[in-house]
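Below is one structure; the comments refer to it alone.
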Ligand SMILES: [Zn+2]
C-alpha cells in the first residue's frame, strides 16, 4: 500500500465546507489514472466503473473531516472558534493549526485554553475545554481585535489542525482524521488496482467521495444506485470486539440496523477468506449510509471500515486493519 498517498490526503486540511483542495487533488489523481470523475452541486466527487450487468453498487468514503471556524475576535485579539463536527476538544488543546482567510492568506497558530499558563491561572488544569474556554493564539503580533482584522482574518474563516502524520516501524498510522481519510485512501488504491490490472467486475461501481458527512448529510442525495457500501471508521473500545488490525463490520449504529443481506454477505466473505474481522454495534455513530437513507434514497446499505482507535481525538490504526478492509471491499465487489 502506498501510505504516502494517505499522508498526502491528510495534508490538505478538509473540514466539512472546506473540501475544494482535497477534492481537486483526488480529481486530478483519478484523471491521471484515466478516469472521468464528476461532482454534484455540493461538491461530492463520483467515479463510475462499468461492470458486466446493470446492478450498481456505490462505494463511499468521506473526505471531509472535523475542524474549526473563526466565530469571534475578542477585543484583546483572541480568536474564538466554533467546532465543525464533533471533536473531543480536550485533545485539541495545545495543537498547532492554520487559519485560512477567504482571500487565500494562511496564518499559523496554536489552539489553547483561555487559562493556558500553569504559573498564572489557578484553573489551568481543570478548566473545561469547550468553545467558550478555548481560543487560537495566532503567531502574529496582535494586541487588539483591530490588529487581527488588519491581517484579513474574519468570522467564518476555516481553521485546520496539524495532522501530525506518523507511520511507525510497528505498522501503526497515527494522525488526525483517519476518519475517514483512511477509507478514501483505500478506495483510491482500489481504483488504481482496477485500472492497472484492467479488472472486469460483475457489477457497476459508483465510487463516492463525499464532503459533508461529519455534519450529517454527505450522501443524502445519491445518483441512482442499488446499494451503498459505506467505508468509514470502525469503532474500538468498551463493549466492542474490533482492534486496529481488523476490519469492522457494523451491524447497527445510532441510526439503526444496516441491511441484513449485505451485512450477512460481508460476514460470510470475511469468514470464508480468513480475514481478521469483528462484527460490532456502534453506540454513538451514524454514517453516510444513514444520510443516504434519511435523504430518501431507496438503497440497501452496509458499513465496514478499519478499526480506528481514539476516534475524533488523536486517532490511530494499523496497516493490517487497512489491508483487511481493502480485502473485504475487493471480495464484496467481486460478488455477482
Ligand atoms: Zn467518519
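Readers should treat all values here as calculations from the given coordinates under stated rules, not as data from a laboratory. Being a predicted model, the structure only gives us computed values, none of them experimental. Don't worry about glycine lacking a Cβ; one is built from the backbone with ideal geometry, like all the others, and counts go over all protein chains shown.
For the range 242-284, taking Cα atoms only, Rg and Dmax work out to 10.5, 30 Å respectively. Each peptide in 107-116, 298-307 gets a packing score, the mean of other Cβ atoms within 10 Å over its residues, and the list from highest to lowest is 298-307, 107-116. Shown here is the pair-distance distribution of the chain: with all Cα-Cα distances grouped in 20 Å bins from zero up to the longest one, the shares run 31, 54, 14, 0 percent. For the pair the range 102-155 and the range 201-219, the centres of their Cα atoms are 36 angstrom apart. Rg ratio for the range 1-141: its Cα radius of gyration over 2.2 N^0.38 Å, N being its residue count, equals 1.37. Listed peptides 65-75, 93-103 appear in the order 65-75, 93-103 once ranked by packing, highest mean of other Cβ atoms within 10 Å at the front.
Which value in deg cm²/dmol, rounded to the nearest 500, describes the helix-derived mean residue ellipticity at 222 nm for the chain, given -39,500 (n - 2.57) per DSSP H run of n ≥ 4 and division by the residue count?
Values: 7 runs with 83 residues, N = 336.
That calculation yields -7500 deg cm²/dmol at 222 nm.
Here the Debye sum runs over all C-alpha atoms of the range 67-161 as equal scatterers in vacuum, and log10 of I(q)/I(0) at q = 0.11, 0.20, 0.21, 0.25 Å⁻¹ comes out as -0.28, -0.93, -1.02, -1.38. Of the beta bridges in the chain, as assigned by DSSP with both residues counted there, near 65 percent are antiparallel. Sorting 39-48, 267-276, 185-194, 248-257 by average packing, meaning the other beta carbons within 10 Å per residue, from highest down gives 185-194, 248-257, 39-48, 267-276. Calculated on the alpha-carbon coordinates, the convex hull of the range 122-172 measures out at 188 cubic angstrom per residue.
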